[in-house]
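A short worksheet on the structure shown next.
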Amino acid sequence: MPKAEVPGAEIHVAKHGSDGAAGTAADPLLTIGAAAALAHPGDTVVVHEGVYREWVNPPRGGTAGAPITYQAARGADGLYEPVTISGAEVVTGWHPHPGPTGGVWVATVPNAVFGARNPYTERIGGDWFFDQVNTWHTGEVYLDGKSMYESLTLGGVERPEVTTDSFDRDGSLLTWYCEVGDDVTTIWANFGGADPAEHEIEVNARTFVFWPAATGIDHLTVRGFTLTKAATQWAPPTALQEGLIGPHWSKGWVIEDNTITDSKNVGISLGKEASTGQNEAAAGPKGAKGGTQREREVIQRALALRGPDAGEPHPWSPDHVGSHTVRRNTIRDCEQAGVVGHLGAAFSTIADNHISRIHVKRQWHGAEVAGIKLHAAIDTVISGNTIHHTHRALWLDWQAQGTLVRRNVFYASTAEDFMVEVCHGPYLVDSNLFLSPWAVKDMSTGGAYVHNYIAGRLANCTEHQRYTPYHLPHSTAVYGVSNILGGDDRFYNNVFVGDGTAPQAQAEPTLASFWSGAIDMDGVPGQATFVPTPVGTSQYDAYPTAQEYPNEDGSALAGARLPVWVEGNLYAEGAEPFRAEPTAHVVGTTPVRVEVLDAAAGTVRVTHTARADVVAPVTTARLGTTYQAEMAFTHPDGSDLDLSTDFTGTPRDDVVPGPFAASAPATLVLAAPGPEGRR
């Protein structure tokens, strides 16, 4: 019996192999796709060193007890061999373009290279995509692995101009332009004086790198690879959400120890499939249903799906969709999001990833841009991640319920570190480090912010015009819908460190504002406004306490604002407390300070002194239940929260404000997480 047919077999792939081989270590296959065709539950596809230019489209999944595993081979030292799976192809044969300025090269690529979807004819667009004037392509050109900048005209290649909002303005002068004919695609490129014959020039050739064409391909593990260069389409919550890698409406994937780079839009997609909605809001005529209504329809369609026996994908439930694990990956240089997911990220864990350089080219923009952007993150745990140099680090939009955001490090966000939009909770945000000038944008209810270090400002507003769902506890079943009254938030035992500047008047936002203090309003209806206040909880001064509620005038259609609970926080260096906080600790100099030590590497330094500001511990009982879902703050399995250890896992023998337990004076250096077993 061939080895590939033995349950639990290893199927080997190597660059010296053949797709007619047996798939053993001594007689390996040549392509990962050939191995995928042979793999069955319990099997492991072992890929040896090399660059594999293919779309891995697994035809079947495993089971919870016997997943199918795809992994890079390990050497004698136990480390992963360097294995790259790429959606790009190398282009040679460049010759000088006889233009007026010189320095421009031209090459042609047979259209057959691209298959059914030529990325140089496919335009980026869809729901919530803002750029309706320019027509950017999903294709890309790379100079020695670094993506260049598309120009919409040949003149922009001959005479390139700086993309002013780019994080790399000099790099934005490396430009390309394309035209597609019947048989070939012609690409002109300005390599900044480099001779392409002396460098590796690649172009996007495939939409996906690791992605099943079918839904319901469950229980796969993808481990130890570099996955790179995909021509993905814009991924809104109301359309198929394409990613360089993703489960495509399946259950139980594990994506771990990988380096994921250079998706045109999304690195990892845990999101929805196409049949529940495909850009109806953008495609509709003026005056047709808007995106909010279309998104509500998507949710109802997902719940009503009947499953593959009826010729449809599985319905949205924990039995069929979600429960993924995304951990210890390095994710960078994706222009929409590092991780995205509507509906399909429910019941999942996204932990210990290093996510950076998301939306740094900034040639276009839309409302789905973040390091992690999730809709309906029901019972999803987001922990131990370092996210930096993004537009927005973490964005939870609609239906964050039972969600845990724990022990993450956020900095260098040009909008804010954390946005939570039109959610009803409960969601817990504990022991995180918020280091950007804007820390949190809160347009939700039902949040608990506990033991965080917050060096940026908070922004809060109600949202009376959008009605969004909330669910039965630990379920996708819809319990009701409501608008956002504001409040129902808890702020316990946080450290707020002022930035030493007065809040600026709200300015018309631009991407070029970066860290100027202007509040970026993307994705927010024009009726929603944020009023800047100093660092601290004084942003909530207009809200009632539990004792004052519900004595406000409740005659307005939207109802009265809900109360807030604010206790045990420490305010330093100009940070200001909530007007009615009974136990605010206001000091001149913060006893704990967190600073970015190495911005690119994701390393931060923590210095703290001995602490005497002991506060009451936070428990599930103390947090109570949220107003709309009437649900307690618990772990996803329904058990009570355990907040007895700090950011580093040290027991909180004496409970003090902030992420770190009381101890003798110390200095800690916290490194960003990354893949295990990598060179």
Applying the selection to the range 606-633, what residues are in contact with a helix residue (DSSP H, G or I) (Cβ under 8 Å, 6 or more places away or on another chain) and either closer than 30 Å to P665 by Cβ or of a type in the set (G, A, S) (or both)? A616, A632
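Counting only residues that are under 34 Å from the mean Cα position of the chain (by Cα), give me the strands (runs of 3 or more DSSP E) lying completely in the range 533-624 with at least 1 of them.
Working: elements: 564-567, 570-572, 585-587, 592-598, 603-608.
Per the criteria, 564-567, 570-572, 592-598, 603-608.
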Considering only residues that are touching an Asp or Glu at 6+ places or on another chain (Cβ under 8 Å) and under 18 Å from D397 (Cβ atoms), look in the range 241-272 and name the one that is surrounded by the most Cβ atoms within 10 Å (Cβ to Cβ). V266
Pairs with Cβ under 7 Å, 6+ apart, first in the range 467-483 and over 15 Å from Y627 (Cβ atoms), second among the aromatic types (F, W, Y) and assigned to a strand (DSSP E or B): L472/Y479
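Taking the condition surrounded by 15 or more Cβ atoms within 10 Å (Cβ to Cβ) and either charged (D, E, K, R) or touching a Lys or Arg at 6+ places or on another chain (Cβ under 6 Å) (or both), does R652 pass? Spell out how you get there, then give the answer.
On the way: surrounded by 15 or more Cβ atoms within 10 Å (Cβ to Cβ): yes; either charged (D, E, K, R) or touching a Lys or Arg at 6+ places or on another chain (Cβ under 6 Å) (or both): yes.
Yes; evaluated as a whole, the condition is true for this residue.
Surrounded by fewer than 14 Cβ atoms within 10 Å (Cβ to Cβ), touching a residue at least 40 places away in the same chain (Cβ under 8 Å), of a type outside the set (D, E) and closer than 18 Å to H451 by Cβ: is that true of A599 in this structure? Let's see the steps before the verdict.
Working: surrounded by fewer than 14 Cβ atoms within 10 Å (Cβ to Cβ): yes; touching a residue at least 40 places away in the same chain (Cβ under 8 Å): yes; of a type outside the set (D, E): yes; closer than 18 Å to H451 by Cβ: no.
No.
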Those residues of the range 464-509 which are of a type in the set (A, V, I, L, M) and at pLDDT below 95 amount to I484, L485, A502, A505, A507
Consider only pairs whose beta carbons are under 8 Å apart and that are at least six residues apart or on different chains; among these, list those whose first residue lies in the range 541-558 and is at pLDDT 90 or above and among the hydrophobic types (A, V, I, L, M, F, W, C) and whose second residue is surrounded by 12 or more Cβ atoms within 10 Å (Cβ to Cβ) and assigned to a loop (DSSP other than H, G, I, E, B). A542/R561; A546/P563
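Hey, among E421, E463, E416, which residue is acidic (D, E), farther than 23 Å from L641 by Cα and surrounded by 24 or more Cβ atoms within 10 Å (Cβ to Cβ)?
Values: E421 fails: surrounded by 24 or more Cβ atoms within 10 Å (Cβ to Cβ); E463 fails: surrounded by 24 or more Cβ atoms within 10 Å (Cβ to Cβ).
On inspection, the qualifying residue turns out to be E416.
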Failed item in (1) under 22 Å from R117 (Cβ atoms); (2) charged (D, E, K, R); (3) without any contact (Cβ under 8 Å) to a residue 24 or more places away in the chain, with E198 passing the rest: (1)
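Residues are listed down the side, and each one gets a yes or a no for (1) out of contact with any Gly (no Cβ under 8 Å at 6 or more places or on another chain); (2) more than 30 Å from D168 (Cα to Cα); (3) among the polar types (S, T, N, Q):
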residue	(1), (2), (3)
R593	yes, no, no
V604	yes, no, no
R611	yes, yes, no
R622	yes, yes, no
A632	no, yes, no
D642	yes, yes, no
F660	yes, yes, no
L670	yes, no, no
Residue count for the range 292-310, restricted to those that are part of a helix (DSSP H, G or I) and surrounded by fewer than 21 Cβ atoms within 10 Å (Cβ to Cβ): 11
Go through the range 357-378 and report how many residues are out of contact with any Ser or Thr (no Cβ under 7 Å at 6 or more places or on another chain) and surrounded by 24 or more Cβ atoms within 10 Å (Cβ to Cβ). 6
How many residues of the range 467-484 are hydroxyl-bearing (S, T, Y) and in a loop (DSSP other than H, G, I, E, B)? The answer is 2
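Hey, can you tell me all the residues within the range 638-679 that are assigned to a loop (DSSP other than H, G, I, E, B) and within 30 Å of D77 (Cα to Cα)? Break it down stepwise before answering.
Of the residues in the range 638-679, the ones assigned to a loop (DSSP other than H, G, I, E, B) are 638-639, 641-644, 646-650, 652-665, 671-679.
Correct list: T648, G649, A671, A672, P673, G674, P675, E676, G677, R678, R679.
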Would you say T207 is touching a Ser or Thr at 6+ places or on another chain (Cβ under 8 Å), within 15 Å of E122 (Cα to Cα), assigned to a loop (DSSP other than H, G, I, E, B) and hydroxyl-bearing (S, T, Y)? yes
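Would you list the strands (runs of 3 or more DSSP E) that sit entirely within the range 311-428 and hold 1 or more residues that are β-branched (V, I, T)?
Numbers: elements: 325-327, 330-334, 337-342, 349-351, 354-358, 370-375, 381-383, 386-390, 394-397, 403-406, 409-413, 418-421.
Because the criterion is at least 1 residues that are β-branched (V, I, T), the strands (runs of 3 or more DSSP E) in the range 311-428 that meet it are 325-327, 330-334, 337-342, 349-351, 354-358, 370-375, 381-383, 386-390, 403-406, 409-413, 418-421.
The values are calculated or read from the model by the stated rules, or taken from the named source; none is laboratory data. Predicted, not measured: the structure shown is a model, and the values here were computed from it. In this analysis, Cβ positions are derived from the backbone assuming ideal geometry, glycine residues included, and neighbour counts consider all displayed protein chains.
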